[in-house]
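Data block below; observations after.
Rule-based calculations on the coordinates, nothing more; no lab input. Everything numeric in this text was worked out from a predicted model, so none of it was measured. With ideal geometry, Cβ positions are generated from the backbone for all residues, glycine too; neighbour counts draw on all protein chains shown.
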């Protein structure tokens, strides 16, 4: 039987911008006080029934003139920013809609930008809660109608709010989103609604819920249909040790019905986990699944969409973000194959050259893969867990062919003690976009460094003139004073007159001290073998470095590392050499 389920709404944004306190106000609970530093430490979920939403919104909801069929809103509260990438289901993100919380005073931060990028990539509709309006200078709080309250503020305060909202609007525009303050939106399918709110005073919360519920009902009803008679499908939010239960699973069920004693299959890194539901616990309405004082009720079955806690044996190896499906005994093998296919679509194992990706959960790994693939970066292997010795060895095997692929990228993971990266570059962060940014910056820098080192291994162009009156020895070896007109003179390079190689620089002296190289503008004494002054070379002769043809071709490729003078000399040498061989260096 098909029914309309509650939309899953994820609350995302930069750490400490007020995501949990926003939900707190709606729930009238005190989750924030339970969390270390008032920052959410784990994914949580809360079901807000429709009657509570109606009570909070009052006449605002009636003004929409919509017949509501959704039973409520299922909110997911995420730690910081990127954990909502855990929330995956077949075909996209588990979230049907999202609230992006932005501190109106601080604006966009790195984690805000990451959240927008992922919402954009997943095509998840969202609204913006411009939080902490109560902290705007000169703001007078009033819990009555938000728009009336805004218009009652001083002109300076209204102007301040408008500037801050336009800054958010501008940032969203950079990501390709048109947006406007919620009361000025003409088409919700084309513009993102921005609602000024205060999770401290409650201002704007009714308007936020009105917009969110209206959008969910009007535009999402078609995708909220679920078959409550079908076996449950869900996503693991968290694996935790619970007093009296042992290891338990916090889960979102987004389709079907889960019953006590059902067989459930959970995706695994190597093979699926098969277990049986021992007990189901559902948080009471408005309770938060992470709250230590949360009230749970034991139930025999749960229909989508719900958050719940599952007690089951042999689930110690389960990883957050993994898909879950209930199955009959007859369909067990088919369900195992189906669920492991979902995992194998994410966990990559190839023989191609590429970087190694590691993440803390399946959803995070998928987000990481998508973002790196969008940048056309080859991935050799992508899996879940900390960076291991094997990861480093696999990355190291890339080094000989392409040192820029000898890389391990880790999202929300750490490096194991036995993993010793010598040639391998390791990047770790809890912000996906910082990883891609740091990696790309490193590639550019490392490419430049390697190319510059390669240029130094080649014979570079130089031009020098034998100074009249500075012949110190005629031969065995000849020692003459030279003026370096261009480039850099080094020991052991060959010199030519016209296109005839004549001699090799055996040593260089500057102010009676032996040196190995000297640059343009210097006047130095050089010793030359196999030539006699007055025969092969004379005073005022101009000599050039002998550049092998393969070095010449490489120097042309890497000419950005040469000076303008060196490039000019390179052209002079090419002109001379092509008089005899028109295809020289081509």
For residue 331 and residue 393, extending 7 Å from Cα along the Cα-Cβ vector and measuring point to point gives, in nm, a value of 4.2 nm
Work out the FRET efficiency for residue 261 and residue 15 from their Cβ-Cβ distance, taking R0 = 35 Å, and round it to the nearest 0.05. 0.30
Mind checking the angle between helix 110-122 and the chain's longest principal axis? C-alpha axes, 0 to 90 degrees, to the nearest 10. 70 degrees
Compute the angle between helix 432-457 and the longest alpha-carbon principal axis of the chain, please, reported from 0 to 90 degrees and rounded to the nearest 10. 10 degrees
In whole angstrom, how far apart do the alpha carbon centroids of segment 226-241 and segment 477-511 sit? 78 Å
Between residue 62 and residue 476, 0.36 nm times their residue separation minus their Cα-Cα distance comes to what? 138.6 nm
Under 11 Å by backbone N from the virtual spin label 7 Å along Cα-to-Cβ at residue 135, the residues of segment 104-121 are 104-107
If I fit a long axis through the Cα atoms of helix 564-580 and take the longest principal axis of the Cα atoms of the chain, what angle between them do I get, 0 to 90°, rounded to 10? 60 degrees
Calculate, in nm to one decimal, what residue 454 and residue 511 gain on full extension: separation in residues at 0.36 nm each, minus their alpha carbon distance. 17.4 nm
What is the distance, in nm, between label points placed 7 Å from the Cα along the Cα-to-Cβ direction at residue 400 and at residue 186? 6.5 nm
Estimate the FRET efficiency between residue 278 and residue 219 by the formula 1/(1 + (r/R0)^6), using the beta-carbon distance for r and 41 Å for R0, to the nearest 0.05. 0.55
May I ask you to list the residues of segment 462-493 whose amide nitrogen lies under 11 Å from a point 7 Å from Cα along the Cα→beta-carbon direction of residue 532? 474-476
Nearest-0.05 FRET efficiency for residue 553 and residue 447, computed from C-beta distance (R0 25 Å): 0.85
Compute the distance in nm between two label points, each set 7 Å from the Cα along the Cα-to-Cβ direction, one at residue 465 and one at residue 386. 6.8 nm
Using 10 Å bins from zero, what percent of all Cα-Cα pairs in the chain falls into each bin? 3, 15, 19, 17, 12, 9, 8, 8, 6, 2, 0
What value, in deg cm²/dmol to 500, does the helix sum -39500 (n - 2.57) over DSSP H runs of n ≥ 4 give at 222 nm once divided by the residues of the chain? -9000 deg cm²/dmol
Nearest 5 percent is fine: what portion of the DSSP beta bridges confined to the chain is antiparallel? 70 percent
Subtract the Cα-Cα distance of residue 240 and residue 344 from 0.36 nm times their separation in residues, and report this length gain in nm to one decimal. 35.0 nm
